[in-house]
Amino acid sequence: MIITQNKDNAGIVLTFDDGPNPEHTPELLAVLDDLGVTAYFFVVGKAVKERPELAKAMHDAGHVLCNHSFTHPKLTTLSPDERRAELEQCSEAIAGITGEAPQWFRPPYFDTNDEVQALVDELGMHCVNCSIRSKDTTADIDTHGVEANLRETKNRDGIILCHEWSKPSRDALARVIPEWKAEMGRLSLP
Ligand SMILES: [Zn+2]
């Protein structure tokens, strides 16, 4: 199953890809703490292994650690064994921090196919897409650009996609989340 939209009335969900990141994660966690919201962090397993203290800080602050593969490859280009190792090693890295296997998965670059999906199913996870796009990977985008993108694509039960390393996203969220706070929720299966 691929979830693009949160369940009806389950609220807007905040997701961050590609961490933990020593340069940006601490500040992002401080911003989220100030805003009083929790988020879903689609982490790269190798980065969790390298910076376990940052992954632990996410978990301790009430954020949810989710699987974004071990080294962030294009999964459809890998052999079945390599693909399995990418997902399992990331889940193991997360379980090493949280004590449990992650429930949510997002393929790097949204690169997926039936085989990837079957493996995600087999490992007991659910694929999470997004419906509110910050487009923070756009070259030279600034805070106002991200804010405009978020406002343009906002919907009641949307899933917001941002990257952990994006300062424009961090600053734009600090502007919009206070307005959206009553609508923020948790990720639910439809
Ligand atoms: Zn990614």
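Figures for the structure shown
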| item | result |
| --- | --- |
| Yes/no for residue 10 being outside any helix (DSSP H, G or I), small (Gly, Ala, Ser) and open to solvent by 10 Å² or more (accessible area, probe 1.4 Å) | yes |
| Test: residue in region 79-87 that is in a helix (DSSP H, G or I), farther than 16 Å from residue 43 by Cβ and free of Cβ contacts under 8 Å to residues at least 12 places away in the same chain | yes |
| Selection status of residue 155, open to solvent by 30 Å² or more (accessible area, probe 1.4 Å) and within 14 Å of the chain's Cα centre (by Cα) | no |
| In region 95-133, residue most open to solvent (accessible area, probe 1.4 Å) [restricted to those that are closer than 19 Å to residue 186 by Cα, within 13 Å of the ligand (Cβ to nearest atom) and part of a loop (DSSP other than H, G, I, E, B)] | 129 |
| Which listed residue, of 39, 55, is more than 14 Å from the ligand (Cβ to nearest atom), within 17 Å of residue 163 (Cα to Cα), touching a Cys at 6+ places or on another chain (Cβ under 9 Å) and open to solvent by less than 40 Å² (accessible area, probe 1.4 Å) | 39 |
| Restricting region 58-86 to residues that are within 14 Å of the ligand (Cβ to nearest atom) and either out of contact with any Lys or Arg (no Cβ under 7 Å at 6 or more places or on another chain) or within 15 Å of residue 124 (Cα to Cα) (or both), the residue that is most open to solvent (accessible area, probe 1.4 Å) | 74 |
| Flag if residue 30 is without any contact (Cβ under 8 Å) to a residue 12 or more places away in the chain and more than 12 Å from the ligand (Cβ to nearest atom) | yes |
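The values are calculated or read from the model by the stated rules, or taken from the named source; none is laboratory data. For clarity, every value in this text was computed on a predicted model and none was experimentally measured. Here Cβ is always computed from backbone atoms with ideal geometry, including for glycine, and neighbour counts include all displayed protein chains. The area values use the complete protein model at the heavy-atom level, side chains included, leaving out ligands, DNA and RNA. Shrake-Rupley method; radii C 1.70, N 1.55, O 1.52, S 1.80 Å.
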